[in-house]
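Structure first, then comments.
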Amino acid sequence: MVFNTGAALLDAIVLAVVSKSKEGTYGYKITQDVRMALEVSESTLYPVLRRLLKDGCLEVYDQEYGGRNRRYYKITEKGRIQLNLYITEWKTYSERITNIFTGRIGQ
């Protein structure tokens with residue numbers, strides 16, 4: 001993608017991906033799901049997960065899988081509130097950009 005992906009947009013996408021699973025999801029799966037929207041490396045994604053944990057938007061727990069512990073991330077109520085704010089802001093932002101691209105603004 002040629003457009004720069006800011007921290008807020010990446011946070012919003014990660015929260016949206018994690019919110020899809022009630023029981024939470026693990027890092028590699030999050031990376032794969034985020035990659036459906038934009039190209040991102042695991043080294044970019046894990047700091048986002050840590051920041052969202054620190055901010056109280058996600059919680060984490062470990063669960064055994066295939067003889068190893070797998071770390072799962074789950075959205076919190078604070079995270080849901082933040083995601084709803086991102087969704088509202090995104091609708092306004094994307095509509096404005098679409099209007100510029102399609103010539104509906106500035107005539």
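The values are calculated or read from the model by the stated rules, or taken from the named source; none is laboratory data. None of these values were measured; they are calculated from a predicted model. In this analysis, Cβ positions are derived from the backbone assuming ideal geometry, glycine residues included, and neighbour counts consider all displayed protein chains. Ligands, DNA and RNA are stripped out before the accessible areas are found, and what is left, the full protein with its side chains, is counted by its heavy atoms. Shrake-Rupley method; radii C 1.70, N 1.55, O 1.52, S 1.80 Å.
Residues of the range 11-37 that are of a type in the set (G, A, S) and farther than 14 Å from E59 by Cα: A12, A16, A37.
Among the residues of the range 1-34 satisfying the criterion of being assigned to a loop (DSSP other than H, G, I, E, B), more than 19 Å from L85 (Cα to Cα) and not hydrophobic (A, V, I, L, M, F, W, C), which is least open to solvent (accessible area, probe 1.4 Å)? Here the answer is G24. For E64, the conditions (1) over 19 Å from V17 (Cβ atoms); (2) out of contact with any strand residue (DSSP E or B) (no Cβ under 9 Å at 6 or more places or on another chain) all hold with the exception of (2). So in the range 76-107, with the set limited to residues that are touching a Cys at 6+ places or on another chain (Cβ under 7 Å) and outside any loop (DSSP other than H, G, I, E, B), which one is farthest from L10 (Cα to Cα)? Within the range 76-107, the match that is farthest from L10 (Cα to Cα) is K78. Selection of first residues in the range 67-83 that are open to solvent by 100 Å² or more (accessible area, probe 1.4 Å) and of second residues that are in a loop (DSSP other than H, G, I, E, B), restricted to Cβ pairs under 7 Å at least 6 apart or on distinct chains, gives the following pairs, ordered by first then second residue: K78/G56; K78/C57. Counting the residues of the range 48-65 that are surrounded by fewer than 16 Cβ atoms within 10 Å (Cβ to Cβ), under 20 Å from N4 (Cβ atoms) and touching a helix residue (DSSP H, G or I) at 6+ places or on another chain (Cβ under 6 Å) gives 0. So which residues in the range 35-47 are open to solvent by 20 Å² or more (accessible area, probe 1.4 Å) and either at pLDDT 90 or above or on the phi > 0 side of the Ramachandran plot (or both)? Result: R35, M36, Y46, P47.
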